[in-house]
1. Working from Cα positions, state the angle (0 to 90°, nearest 10) between the long axis of helix 371-391 and the longest principal axis of the chain.
2. With the alpha-carbon atoms as the only input, what is the per residue convex hull volume for region 326-400 in Å³?
3. Nearest 10 degrees is fine. How inclined is helix 289-305 to the longest principal axis of the chain, computing both from alpha carbons?
4. Sort Ile10, Ile326, Ile423 so that the residue with the fewest other Cβ atoms within 10 Å of its own Cβ comes first and the one with the most comes last.
5. With +1 on the Cβ of every Lys and Arg and -1 on the Cβ of every Asp and Glu, and nothing else charged, how large is the dipole of the chain about its Cα centre, in debye rounded to the nearest 20?
6. Taking the dipole about the Cα centre of the chain, with the C-beta of Lys and Arg at +1 and of Asp and Glu at -1, give me whichever of Pro77, Met358, His460 is farthest to the positive side.
7. Among bridges DSSP assigns within region 371-495, what percent are antiparallel (round to 5)?
8. Which number comes out as Rg/Rh for region 122-233 once both Rg and the Kirkwood Rh are worked out on C-alpha atoms?
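No value in this document is a laboratory result; all are computed from the given coordinates. As the structure is a computational prediction, the values presented were derived from the model and not from experiment. Cβ placement follows ideal geometry from the backbone for every residue including glycine, while neighbour counts extend to all protein chains displayed.
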Amino acid sequence: MRAQRSSTWIAWALAVLFVATSLSRLVPVCLDQLAAPFDLISEGPHMCTVKAIETGSNIYDSRSFLDLPFFMTPYTPLYHVLVAALPQHPENPFFTGRVVAALFMIAAAASLLVVAGRGQRATAAIAVAAFFLIRPVTGNTAYLRSDSMALCWSAWAVVLAARARAPRAVLATGALCALAVAAKQSFLAAPVACVVYYLLTDRRRLGWLVLAGTVVGAACGLAAWAYWGNGFWLAVTIPVTDYPRDIESFFLHWHMMFAQPIFVFLLVTAAVVTAASLARERGAALGTPFFAYMLLSWTLQTWVMTGVGAENHNLIEPVLATLLWIVVVARRYRESVRIDWPWALAVAALGFCVALEMRNPDRFSYSYTTAAKTARYVRARTAVEGALHTLGVDHGRMLNLKNSQVVHDFAGEMAVNDVWMYITVLWNSRPETADRLIHAIEAEHFDAIFTSPGVVSAAHDPGQGPWARIVRTVFAHYALAYHGEEVNVLTRRRIGLAS
């Protein structure tokens with residue numbers, strides 16, 4: 001008994017050390033990102049959905065994303081509906097969405113503490129610390145994106161499936177599975193894992209699961225269809241029907257993941273734990289939904305990673321699923337922590353990896369901004385606002401050809417909310433969209449056009465692709481009027497050049 005108490009105290013002391021180390025990185029990053037009053041990068045399309053819901057606009061109308069204003073959102077809207085319903089920060093439109101995302105990320109990680117049980121909770125706390133030290137997790141905790149809500153519903157659906165005995169609990173599991181997909185349509189691993197688990201263990205419960213998932217999913221889908229029309233289904237299926245594969249970026253993102261010592265440790269530990277579990281009890285993996293969830297999340301999210309525009313935040317779900325599986329196996333074979341050589345070796349190896357990770361000098365490998373970067377961006381944006389006012393176009397019609405940040409920086413009537421998505425997807429897969437934009441530029445429909453600082457002439461983009469045609473048309477009708485630190489402003493040539 002005394003030895004067990006000593007093991008528990010030592011385990012908790014180490015857990016506190018790991019958690020404190022994790023928080024020393026996570027908290028400053030979250031505070032800096034919460035304070036940034038601009039799109040950190042790629043938050044813009046999500047914010048467009050939030051604002052459209054607030055104003056009652058139909059952002060899923062195909063006429064709005066296949067023609068002017070070219071505002072596209074390819075995501076299911078549950079997260080955006082919640083954010084739009086909450087009070088907003090008067091000076092920072094991104095604040096509320098980031099807080100909501102952070103709360104869901106924390107709630108998702110809390111599932112580790114539940115599956116561990118009381119005896120292995122120190123081990124789970126160490127797992128939580130490791131989770132938040134994975135670089136995409138650190139950077140995407142306080143980040144306006146729907147993934148953390150989908151992750152939370154997914155993780156808790158699997159946890160509930162493993163513990164559910166009464167029909168009501170199984171019904172709740174099915175509802176959570178449907179809500180995960182309603183938050184983001186690529187989060188299918190948990191629903192499939194729950195189906196596989198009940199198919200193998202209790203087919204009567206499978207019926208309750210499918211019933212609840214179907215009812216809640218159908219209710220969400222029908223409500224969206226009734227409110228937004230057929231364009232909703234077109235928008236949320238475009239990632240499947242139109243997105244090309246980008247294998248070069250796929251391998252780049254994997255390279256970035258394998259550069260993280262904690263990520264490598266996690267994969268090695270999962271392999272060892274799985275091998276040991278199967279050697280000890282062959283049916284162990286099938287007696288819980290966590291093993292299936294781990295395999296399915298790696299499979300599905302790895303496939304998502306092959307799509308153009310995907311980032312390594314898509315691997316947050318399989319990372320959490322893997323940690324859940326490790327903690328579940330630890331609890332299965334040891335109700336309480338015991339400081340023996342396997343546990344000590346694992347914690348020592350993790351400590352070494354954490355020490356290596358904390359020596360990483362590149363803040364931007366796990367954070368989207370810093371206080372200094374935010375201050376520079378705000379100064380540059382203020383300078384552009386002054387230039388737009390001087391040019392008399394500050395409330396005019398504006399074409400964004402820079403990135404998603406620009407859309408929410410200025411007060412004009414903006415066109416194109418997600419330039420990268422249009423360049424890599426729709427202007428190629430649906431060339432009529434590029435033609436419509438080119439016709440609007442030729443008609444000099446826009447009072448101002450935003451480009452990146454390096455785009456100062458048509459020579460920047462030679463070729464015959466849609467983007468090159470758009471750039472040539474822009475410089476045939478518009479000229480550089482303001483060269484900024486973050487963005488250039490072009491106005492109609494007949495107005496004349498300004499400096």
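1. 20 degrees
2. Numbers: hull volume 13.6 nm³, N = 75.
Spread over its residues, the Cα hull of region 326-400 gives 181 Å³ apiece.
3. Its long axis makes an angle of about 20 degrees.
4. Numbers: Ile10 16, Ile326 25, Ile423 19.
Fewest-to-most ranking of Ile10, Ile326, Ile423: Ile10, Ile423, Ile326.
5. Working: 39 positive and 32 negative charges, 420 e Å.
I would put it at about 2020 debye.
6. Farthest towards the positive pole: Met358.
7. Numbers: 8 of 14 bridges.
Rounded to the nearest five, the antiparallel share is 55 percent.
8. On the way: Rg = 15.8 Å, Rh = 15.2 Å.
With Rh from the inverse mean 1/r over Cα pairs, Rg/Rh is 1.04.
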